[in-house]
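The values are calculated or read from the model by the stated rules, or taken from the named source; none is laboratory data. Worth saying up front: this structure is predicted, and the values here are computed from it rather than measured. Every residue, glycine among them, receives a Cβ derived from its backbone with ideal geometry; neighbour counts consider all protein chains shown. To get the accessible areas, we keep the full protein, side chains included, count just its heavy atoms, and leave off ligands, DNA and RNA. Shrake-Rupley method; radii C 1.70, N 1.55, O 1.52, S 1.80 Å.
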Amino acid sequence: MKHYSVMNKFQFRVKRSSAKSYWLVCVSKNCTWHFKATSINDSAMFKVRKFNSLHTCSLMDSTFIQRKPTAMVVGSMVIPKYADPKIIYTPKDIQTDMFFEHGVNLTYMQAWRAKEKALEFLIGHHAVSYNKLPSYLYILEKTYLGPVVVVDGTFLKSAYRGIMLTTSTMDAAGTILPLAYAIVDSENVASWKWFFEQFKHAYGKRPNMCVVSDRNESILKATSIVYPDMPHYSCMWHIWTNIRKKFKKGHLKLSELYFATARSYTLDEFNERISKIEEIDLHVKAYLYDIGYRRWS
């Protein structure tokens, strides 16, 4: 009925609402428009008993200017726009369509809330799903999983914030496989330690197992506690992004050379390439040396 009132540009008020009866009348006291529905045999199903769709009031009267429809009403009206995830339909689009199609002016925030309601109708409430995440730890069981475990943390940019911690590996065919993820309040030693404890319980410790990550101190400390004898290596891509930020003057020359150095298969190749890095920028070589060649080459 809220949808109907928006489409027909009038207002109603609820005269009676209960588990057995729902009775609406026009906001104008002298108008004959009314709607009445009652429960069928005291069930949750209702039947419309009376409906007078004719208004004897002036719908155009300034005293009956339409109130803004609720986000739920507008959200229900725009659900079809979000059925296909490939379609981009913004709050601004909702504002425009509601004005030109129904003569309703919405603020941006009202349109944004309507969009959130439409998505909630389709996929459920985000908060309900989000509240379940901290208790989840998904493990992907395969016949063969490699011993290299890559871990990382990333900020969640939704309204609920938090940090997502992830682990992945590679199978014999070279396919990247997700192993586990969890949502925590912040990326610190305590959260990473908890994450690795859960991971170890599910995944165990495997022959020749090692961890690869960025140079986050929390990850380094947590893994040394939970997996004290396991080697820990630094992701060469993260190292390169740091070089690019710290040593801007030579990074264009260093890009190809750095990755070639990291992928060297012989000590002679490595030494030759690290010498070329030193010629370009001595500070970059010192930075790589401090990380430890064995951690990234």
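Relative to the present Cα-Cα distance, how much length would full extension add between residue 155 and residue 100 at 0.36 nm per residue of separation?
On the way: separation 55, 0.36 × 55 = 19.80 nm, distance 3.94 nm.
Stretched fully, the residue 155-residue 100 segment lengthens by 15.9 nm.
Using R₀ = 45 Å, calculate the FRET efficiency as 1/(1 + (r/R₀)^6) where r is the Cβ-Cβ separation of residue 70 and residue 188; round to 0.05. Working from the Cβ atoms, E equals 0.60.
Near residue 196: Cβ cut-off under 15 Å, other residues only, Lys/Arg at +1 and Asp/Glu at -1. The net charge is 0.
Considering every Cα-Cα pair within the chain, what fraction, in whole percent, is farther apart than 25 Å?
On the way: 30077 of 43956 pairs.
Here the long-distance tail beyond 25 Å is 68 percent of all Cα pairs in the chain.
Ignoring ligands, DNA and RNA, please state the percent of accessible area on the chain from carbon and sulfur, probe 1.4 Å. C and S atoms contribute 56 percent here.
Let me check against my output: what whole-number percent is the relative contact order of the chain, with C-alpha pairs under 8 Å and at least 6 apart?
9
Between 293, 151, 10, the Cα set farthest toward the positive side of the dipole of the chain (charges on each charged residue's Cβ, about the Cα centre) is that of 10. The trypsin sites (Lys or Arg not before Pro) of the stretch 250-288 that meet both conditions, a loop assignment by DSSP and at most 13 other Cβ atoms within 10 Å of the site Cβ, are 263. Across the stretch 170-295, the relative contact order, built from alpha-carbon pairs under 8 Å that are at least six residues apart, equals 18 percent.
From its DSSP helices (H runs of at least four residues, each -39,500 (n - 2.57)), the chain gives a residue-normalised ellipticity at 222 nm of -12500 deg cm²/dmol.
Structure shown: which of 86/115; 50/117; 2/47; 92/117 lie over 19 Å apart, alpha-carbon to alpha-carbon?
Working: 86/115 15 Å; 50/117 30 Å; 2/47 17 Å; 92/117 15 Å.
As for pairs spanning more than 19 Å Cα to Cα, those are 50/117.
The trypsin sites (Lys or Arg not before Pro) found in the stretch 179-250 that occupy coil by DSSP, while having at most 15 further C-beta atoms within 10 Å, are 205, 215. For the stretch 265-297, the residues whose backbone nitrogen is under 18 Å from a point 7 Å from the Cα of residue 210, taken along Cα to Cβ, are 265-271, 288-297. Express in nm, to one decimal, how much length is gained between residue 252 and residue 221 on full extension, taking 0.36 nm for each residue of separation and deducting their alpha carbon distance. In short, 7.8 nm is gained.
Is there a quick way to get the dipole size of the chain? I mean about its Cα centre, with the Cβ of Lys and Arg at +1 and of Asp and Glu at -1; what is the value in debye to the nearest 20? If you can, show how the numbers build up before the last one.
On the way: 41 positive and 25 negative charges, 367 e Å.
So the dipole magnitude of the chain works out to roughly 1760 debye.
Exposed loop sites here are chymotrypsin sites (Phe, Trp or Tyr not before Pro) in DSSP loop states with at most 15 other C-beta atoms within 10 Å. What is the longest stretch of the chain lacking them?
Numbers: sites that count: 89, 136, 138, 144, 160, 247, 265.
That gives 1-88 as the longest site-free run.
Across the options 282, 266, 238, the greatest Cα extent toward the positive end of the charge dipole of the stretch 187-292 (unit charges at beta carbon of Lys, Arg, Asp, Glu) belongs to 238. Annotation: cysteines of the chain without a disulfide-compatible partner (Cβ-Cβ under 4.7 angstrom) are 210, 235. For the stretch 150-167, the residues whose amide N sits under 20 Å from a probe point set 7 Å from the Cα of residue 129 along the beta carbon direction are 154-167.
Return one whole number: the accessible area per residue of the chain in Å², for a 1.4 Å probe. Numbers along the way, then the final one.
On the way: 18600 Å² over 297 residues.
That works out to 63 Å² for each residue.
Name the aspartates and glutamates eligible as straight-distance cross-link partners of residue 253: C-alpha to C-alpha under 19 Å, and not fewer than 8 places from it in the same chain. Partners found: 269, 272, 278, 279, 281.
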